[in-house]
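To start, the structure itself, in C-alpha cells.
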C-alpha cells in the first residue's frame, strides 16, 4: 500500500488494476505506432519536416 499511496486494501487493488489497464493501453498504442512505422506511414512527414528544417536526412529517411 505504501508504493501506491493508498490507505485500504480495496484502494490498493483498484489502483493496481487501473495501472495494469493503463500499461496495457500504452503497450497496445506502442504496437500500433510500430506497425504504422513499418508500413512507412511516417516517411512523408519526416521528409517534409527535414525539408522545412533544412536538415540532412536521418538514418531512417527514404533515399532521394
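The values are calculated or read from the model by the stated rules, or taken from the named source; none is laboratory data. Just so we're clear, the structure is a prediction, and the values are computed from it rather than from any experiment. Positions of Cβ are generated from backbone atoms using ideal geometry, with glycine treated the same way; all protein chains shown enter the neighbour counts.
A few remarks follow.
- Within segment 3-19, the set of residues being surrounded by 10 or more Cβ atoms within 10 Å (Cβ to Cβ) and assigned to a helix (DSSP H, G or I) comprises 11, 12, 13, 14, 15, 16, 17, 18, 19.
- None of 35, 41, 50 is at pLDDT 85 or above, assigned to a loop (DSSP other than H, G, I, E, B), under 23 Å from the mean Cα position of the chain (by Cα) and surrounded by 10 or more Cβ atoms within 10 Å (Cβ to Cβ) except 41.
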